[in-house]
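The values are calculated or read from the model by the stated rules, or taken from the named source; none is laboratory data. Not measured: the values here are computed from a predicted model. Here the Cβ is made from the backbone with ideal geometry for all residues, glycine too, and neighbour counts use every protein chain on show.
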Amino acid sequence: MAMTDESARAYEHPLYEKLLHVPGLSVGVGVLDELLTWGLTNSLWIFPMATSCCGIELMAAAASRVDLDRMGTIVRASPRQADVMVVAGTITVKMAPRVKKLWDQMPEPKWCIAMGSCAISGDFYRNLYSVVPGVDTFLPVDVYVPGCPPNPEALMHGLLRLQEKVRLQREGKLPPPEPRPELLAATTPSVARMCDAARDPAISIAQTAEGLLPSSSLLERPTAPLAPAPAPAPAPAPDAADDDLEAILRAHGATDFPKDAPPLIPADQHVALARALVAKGYRQLVTIAASHWPSGKGRGAVAGDPERFEVAYGLRSIGRGSRVALWAVRVDAGASIPSLAGVLAGADWQEREQWDLVGVPFGGHPDLRRLMLPDDWEGHPLRKDYAADTHRAPWR
């Protein structure tokens, strides 16, 4: 802070005169607003909205090599104690209302830094049904830090630029614009940015309203009723002395063992096969992966075959000499596959995921509702007939 020459001082104050004569005490005079600006720019506390790989660079920036604490910047876990939201990573449609709510909980004055290509524009995923094409479509962004991902030094530079902007705002000025129209044209999002003059105010109103919805109200929405699972048919028990995996699969209806795909098992033998494999030591559920095939498409399909689902399962034995058992179940669209939730605890969420993304109904599942997408999402995005760039108002 600059010192003032007091040789021609035109005022007197008893306390000030006493301070001047205290041994070892130096007195500096300055403008209070400059002091407040200095304190504000050197205490920009961060609220980390780190959702993907850029979050690792944000963590590295707070570590010893870059050390954001040098400029008074520390990371706070509460939005009520933060000044700057650093959005580091992809923001999905499901996450956007939560980000908006946390932003609204931050006290003024507050600022936002979009860190990385995904936060700035959605990058590789901008045309994907589940991704917001840039956080500036629902948050006012002050500084953009480009990169995929930007390194810690780039984030430090972004914070220094934010300090410059804050100083200018305190002086009643605006930072000089740095227009790059060719870049803006190449990254125009499906929802107008907050700074766009042509943005419809109704979009902001809808985003704010959805951000205020309590999560519990979403969980109370009823799940669509499912067709009951077909009753398992009695299956011939494999020879107890025969530990051959192929023999167990054959005993439960497998007839063909292709080299590039798991064997097909009848749906009514599916649960019995899982129980038999668990009894043989295959106790770890490795995967449940579903595929949707339109009419006439898929493994072994011919023209005129109905639309169907094929779900592949994988179980692994535990311990030395571990083996993996693979099989698949195929059903026509509208039919359900018996749930394995009562046989293997890990099937609960994996079946919910396949229902959420592909639309496979698992009969007898105790809680079959969406797991990854919002509960009111329409359709199942990994079906072959689902448009990858489906819009989702008011977020994309």
Considering residues of segment 123-153 that are hydroxyl-bearing (S, T, Y) and over 14 Å from the mean Cα position of the chain (by Cα) only, the residue nearest to R392 (Cα to Cα):
T137
Pairs with Cβ under 6 Å, 6+ apart, first in segment 321-348 and touching a residue at least 60 places away in the same chain (Cβ under 8 Å), second polar (S, T, N, Q)
R323/S317
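Okay, residues lined up against (1) part of a helix (DSSP H, G or I); (2) at pLDDT 75 or above:
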position: A2; (1), (2): no, no
position: D5; (1), (2): no, no
position: Y11; (1), (2): no, no
position: L15; (1), (2): yes, yes
position: K18; (1), (2): yes, yes
position: L44; (1), (2): no, yes
State the number of residues belonging to segment 258-288 that are in a strand (DSSP E or B), in contact with a helix residue (DSSP H, G or I) (Cβ under 8 Å, 6 or more places away or on another chain) and within 18 Å of F309 (Cβ to Cβ).
2
Take G122 and tell me if it is farther than 14 Å from M49 by Cβ, in contact (Cβ under 8 Å) with a residue 24 or more places away in the chain and surrounded by 18 or more Cβ atoms within 10 Å (Cβ to Cβ).
yes
If we keep only residues of segment 359-378 that are of a type in the set (A, V, I, L, M, F, W, C) and in a loop (DSSP other than H, G, I, E, B), then the residue surrounded by the most Cβ atoms within 10 Å (Cβ to Cβ) is V360
Inspect segment 349-369 for any residue being under 26 Å from the mean Cα position of the chain (by Cα), of a type in the set (D, E, K, R) and under 30 Å from P201 (Cβ atoms) and give the result as yes or no.
no
Only one of M85, M59 that is assigned to a helix (DSSP H, G or I) and in the same structural domain as A119 (by TED's automatic domain parsing):
M59
(1) of a type in the set (D, E); (2) surrounded by fewer than 17 Cβ atoms within 10 Å (Cβ to Cβ); (3) farther than 19 Å from P294 by Cβ all hold for D332 apart from (3)
Just one of S295, S291 is among the polar types (S, T, N, Q) and either surrounded by fewer than 20 Cβ atoms within 10 Å (Cβ to Cβ) or assigned to a loop (DSSP other than H, G, I, E, B) (or both); which is it?
S295
